[in-house]
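A.B. asks: This is the structure I have questions about; it appears just below.
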Protein chains: 2
Amino acid sequence: MQRRKFIRTAGVGAAAVATTAAVAAPAIAQSAPEINWRLTSSFPKSLDTLYGGVEHFAKIVAEATDNKFQIRTFAAGEIVPGLQVLDAVQNGTVEMGQTAFYYYYGKDPTFALATVVPFGLNTRQMNSWVIQGGGEQLINDFLKTYNVIGMVGGNTTAQMGGWFRKEIKTVDDLKGLKMRIAGLAGDVMTKLGVVPQQIAGGDIYPALEKGTVDAAEWVGPYDDQKLGFVKVAPYYYYPGWWEGNAALHLIVGIDKFNALPKTYQQILRMAAAETNAFITARYDADNPKALRALIATGAKLMPFSQQVLEASFVAANDVYAGLVEKNANFKKIYESQMAFRKDGVLWGRVAENTFDNFMARQSAANKL
Amino acid sequence: MQRRKFIRTAGVGAAAVATTAAVAAPAIAQSAPEINWRLTSSFPKSLDTLYGGVEHFAKIVAEATDNKFQIRTFAAGEIVPGLQVLDAVQNGTVEMGQTAFYYYYGKDPTFALATVVPFGLNTRQMNSWVIQGGGEQLINDFLKTYNVIGMVGGNTTAQMGGWFRKEIKTVDDLKGLKMRIAGLAGDVMTKLGVVPQQIAGGDIYPALEKGTVDAAEWVGPYDDQKLGFVKVAPYYYYPGWWEGNAALHLIVGIDKFNALPKTYQQILRMAAAETNAFITARYDADNPKALRALIATGAKLMPFSQQVLEASFVAANDVYAGLVEKNANFKKIYESQMAFRKDGVLWGRVAENTFDNFMARQSAANKL
């Protein structure tokens with residue numbers, strides 16, 4: 001709490017200020033202290049769906065606390081590099097971060113399960129696993145070692161399979177392919193003969209243009225459009241089977257969180273939930289328009305063949321079998337998530353998918 | 001604000017109480033008054049997904065306000081009949097309500113668009129239309145006449161098509177069928193020869209048992225299981241094409257809402273968003289288990305035939321054409337929602353549906 005500012009705003013009437021504030025401060029400080037935090041994001045401002053999410057988050061937290069709880073947001077690289085958000089919060093450099101946990105796959109592959117794994121959950125299933133399936137508890141038990149608390153605060157929804165310079169008809173076409181893809185998805189791709197490449201967002205376009213890489217995955221139409229890949233790698237594949245959803249987390253240092261009044265803790269949780277819906281809604285609203293625009297400028301929309309998907313599914317299960325054997329953290333969360341997937345997909349086959357597929361047929365027949 | 005309680009809790013030290021509270025009260029009363037509201041639900045306690053949602057909502061609002069904003073919840077019939085929630089909030093009998101707006105279809109068919117219409121949006125599309133597609137504004141502009149503000153605060157997700165005593169193979173099998181179904185869906189069914197029946201939840205079972213009705217729709221596996229329909233009408237059809245989602249609203253009297261401090265207004269909005277996710281997650285987590293149990297006790301899971309779906313789609317469009325011509329409110333919101341549907345389904349056909357359908361095939365092949 002910034003004591004000086006509190007006294008200035010809480011005092012009523014010039015003469016009474018000193019006494020009143022001095023006496024009343026302890027009780028009020030407990031319930032509504034003034035707090036100023038910094039939040040660093042893994043994403044640049046140009047990814048306005050994601051970075052726009054934390055601006056929104058900070059705004060609603062301020063509104064819910066009469067501007068007493070202020071969170072200043074920073075884009076990737078402004079104060080902390082994009083892939084060091086976890087470390088910065090863990091070390092107390094900043095109080096909060098916005099990140100995708102699978103960026104820390106190198107520390108422990110278990111992190112991937114907090115975002116998404118190949119052929120994992122879709123967006124609804126992920127939210128449900130987190131909220132009702134024990135996911136939140138499992139993730140936060142794992143995060144204790146890293147001194148942070150995680151709250152799901154966004155989702156990219158199902159992503160695209162990325163941009164390819166040539167068609168991929170069979171699994172053989174993947175052999176030797178240099179593709180910008182990272183983490184667990186890269187491990188699965190390796191089993192299929194792909195040579196994964198690690199390239200930062202801004203360097204992908206020239207690499208595709210020169211042919212240093214043959215393919216690159218990014219997010220989905222709205223985010224992809226900005227990077228202009230369509231001009232140099234027009235085959236736009238779907239679905240991104242390695243990202244049936246991608247949950248983003250808002251993270252807080254455990255000590256910082258525990259020191260907050262209970263009211264502010266609850267407000268952070270609610271604001272994260274609201275921001276999760278906000279970001280998801282933005283992707284759902286903005287992707288269709290971007291997809292139309294991409295097709296108009298030459299994107300050749302291509303489904304991965306059933307053969308490629310089946311082989312990828314087998315390769316993913318191979319990778320999981322190895323991880324489950326070696327890593328107890330991974331095993332525990334993986335088994336919970338996969339049991340949830342089994343039930344969720346079963347139920348999805350009934351009302352949800354048949355409704356969506358009927359509507360898709362009407363769309364294909366131009367009846368909508 | 002309950003002034004006496006404020007003084008008791010805000011005072012620090014026996015001697016200082018009177019002076020401190022008297023001087024500090026006005027500023028603090030503005031930002032965090034004690035408020036006690038009543039919320040009446042359209043749903044009975046036995047629908048614990050829905051009524052449980054308002055209990056959750058009241059709990060998190062209290063937690064976010066240090067128990068200063070208390071909302072007492074009442075189930076349908078406790079203080080207000082379930083289908084008169086809108087009227088009770090409109091008239092100021094209670095400050096808040098939980099309801100599905102399509103119950104007020106008789107007042108104006110436009111209400112249906114705030115919940116769901118046949119072959120309308122799915123759950124993700126509905127949330128996105130509300131949050132990013134102008135839906136919230138359109139709904140609330142319409143609600144002004146009724147003196148309430150609506151916040152989406154839950155969703156049943158895609159519903160089932162209900163329980164039938166005999167198989168429905170063709171559109172001809174629908175002719176003369178007495179079915180418990182209401183509102184706009186009832187109007188569409190009428191075009192197909194069905195004779196819609198209005199029956200309260202508790203009376204459906206005996207009506208199906210005696211054959212007074214031939215079919216009845218309710219919600220989905222988790223809610224349906226409790227009413228035991230499987231014993232008397234075992235054919236369990238999907239999808240409930242009249243409810244690809246069903247958005248539930250938390251409603252507040254406009255004057256009551258406007259009189260709240262901005263902080264409490266924001267807390268209500270965030271709590272509604274969190275509760276929307278909470279209820280959706282519960283359905284997604286609980287429906288699969290209930291579906292398994294229903295199948296084990298004799299439910300015969302049946303998809304509506306393509307012919308039945310196509311004929312229903314045509315009938316729905318006929319009904320909409322009539323409403324658009326007669327009702328300017330309906331026309332305005334319908335056109336916004338249908339434009340959003342067109343884009344949403346188009347994008348869904350790409351990454352989302354192909355991912356879901358691949359996973360569904362793995363489920364069918366017992367590979368999950």
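A.B. asks: Answer yes or no as to whether residue B:158 is hydrophobic (A, V, I, L, M, F, W, C) and closer than 16 Å to residue B:42 by Cβ.
C.D. replies: Answer is no for this residue.
A.B. asks: Can you find a residue in region B:254-273 that is more than 30 Å from residue B:294 (Cα to Cα), of a type in the set (A, V, I, L, M) and away from chain A (no Cβ under 14 Å)?
C.D. replies: Among the residues of region B:254-273, at least one is more than 30 Å from residue B:294 (Cα to Cα), of a type in the set (A, V, I, L, M) and away from chain A (no Cβ under 14 Å), which makes the answer yes.
A.B. asks: Please work out if residue A:127 is more than 20 Å from residue A:55 (Cα to Cα) and free of Cβ contacts under 8 Å to residues at least 60 places away in the same chain.
C.D. replies: Answer is no for this residue.
A.B. asks: I would also like to ask the following. Identify, by number, the condition in (1) touching a residue at least 12 places away in the same chain (Cβ under 8 Å); (2) touching a Leu at 6+ places or on another chain (Cβ under 9 Å) that residue A:292 doesn't meet.
C.D. replies: Residue A:292 satisfies every listed condition except (1).
A.B. asks: Please find, within region B:139-167, the residue that is farthest from the other protein chains (Cβ to nearest Cβ) out of those that are closer than 27 Å to residue A:351 by Cβ and aliphatic (A, V, I, L, M).
C.D. replies: My answer is B:139.
A.B. asks: Please go through region A:231-241 and give me each residue that is more than 13 Å from residue A:302 (Cβ to Cβ), more than 10 Å from chain B (Cβ to nearest Cβ) and either among the aliphatic types (A, V, I, L, M) or not in a helix (DSSP H, G or I) (or both), ordered by number.
C.D. replies: A:232
A.B. asks: Does residue A:328 satisfy the condition of being more than 10 Å from chain B (Cβ to nearest Cβ), under 27 Å from the mean Cα position of the chain (by Cα) and surrounded by fewer than 17 Cβ atoms within 10 Å (Cβ to Cβ)?
C.D. replies: yes
A.B. asks: Out of B:145, B:170, B:190, report the one residue that is surrounded by fewer than 24 Cβ atoms within 10 Å (Cβ to Cβ), hydroxyl-bearing (Ser, Thr, Tyr) and more than 22 Å from residue B:109 (Cβ to Cβ).
C.D. replies: The unique qualifying residue is B:170.
A.B. asks: A further question follows. Got at least one residue in region B:35-55 being modelled with pLDDT of 50 or more, part of a loop (DSSP other than H, G, I, E, B) and over 28 Å from the mean Cα position of the chain (by Cα)?
C.D. replies: no
A.B. asks: Residues of region B:338-368 being at the interface with chain A (Cβ under 8 Å from one of its Cβ atoms) and among the charged types (D, E, K, R), which ones?
C.D. replies: B:341, B:342, B:343, B:349, B:352, B:356, B:367
A.B. asks: Then there is this: Would you mind stating whether residue A:110 is of a type in the set (Ser, Thr, Tyr), away from chain B (no Cβ under 14 Å) and within 30 Å of residue A:314 (Cβ to Cβ)?
C.D. replies: yes
A.B. asks: Please go through (1) more than 9 Å from chain B (Cβ to nearest Cβ); (2) part of a helix (DSSP H, G or I); (3) over 22 Å from the mean Cα position of the chain (by Cα) for residue A:335 and return the number of the only condition it doesn't satisfy.
C.D. replies: Only one criterion is unmet by residue A:335, namely (3).
A.B. asks: Residues that are among the aromatic types (Phe, Trp, Tyr) and surrounded by 24 or more Cβ atoms within 10 Å (Cβ to Cβ): does region B:240-255 have at least one?
C.D. replies: Yes, the conditions are met somewhere in region B:240-255.
A.B. asks: What tally of residues in region A:287-302 results from selecting those that are closer than 26 Å to residue A:127 by Cα and within 8 Å of chain B (Cβ to nearest Cβ)?
C.D. replies: The number of residues fulfilling the criteria is 4.
A.B. asks: Here is a further query. Since residue B:219 meets every condition but one in (1) in a strand (DSSP E or B); (2) within 22 Å of residue B:48 (Cα to Cα); (3) among the hydrophobic types (A, V, I, L, M, F, W, C), which condition does it not meet?
C.D. replies: Going through (1) in a strand (DSSP E or B); (2) within 22 Å of residue B:48 (Cα to Cα); (3) among the hydrophobic types (A, V, I, L, M, F, W, C) one by one, residue B:219 breaks only (1).
A.B. asks: Limited to region A:272-308, what total is found for residues that are in a helix (DSSP H, G or I) and either surrounded by fewer than 20 Cβ atoms within 10 Å (Cβ to Cβ) or out of contact with any Lys or Arg (no Cβ under 9 Å at 6 or more places or on another chain) (or both)?
C.D. replies: 22
A.B. asks: If residue B:67 passes every condition in (1) surrounded by fewer than 19 Cβ atoms within 10 Å (Cβ to Cβ); (2) modelled with pLDDT under 95 but one, which one does it miss?
C.D. replies: Only one criterion is unmet by residue B:67, namely (2).
A.B. asks: Let me ask you something else. Report whether or not residue B:360 is crowded, with 21+ Cβ neighbours inside 10 Å, of a type outside the set (Ser, Thr, Tyr) and more than 29 Å from residue A:275 (Cβ to Cβ).
C.D. replies: Spelling it out, residue B:360 is indeed crowded, with 21+ Cβ neighbours inside 10 Å, of a type outside the set (Ser, Thr, Tyr) and more than 29 Å from residue A:275 (Cβ to Cβ).
A.B. asks: Of the conditions (1) surrounded by 21 or more Cβ atoms within 10 Å (Cβ to Cβ); (2) within 14 Å of another protein chain (Cβ to nearest Cβ), residue B:48 fails just one. Which one is it?
C.D. replies: (1)
The values are calculated or read from the model by the stated rules, or taken from the named source; none is laboratory data. All figures in this text were calculated on a predicted structure; none of them were measured in a lab. Don't worry about glycine lacking a Cβ; one is built from the backbone with ideal geometry, like all the others, and counts go over all protein chains shown.
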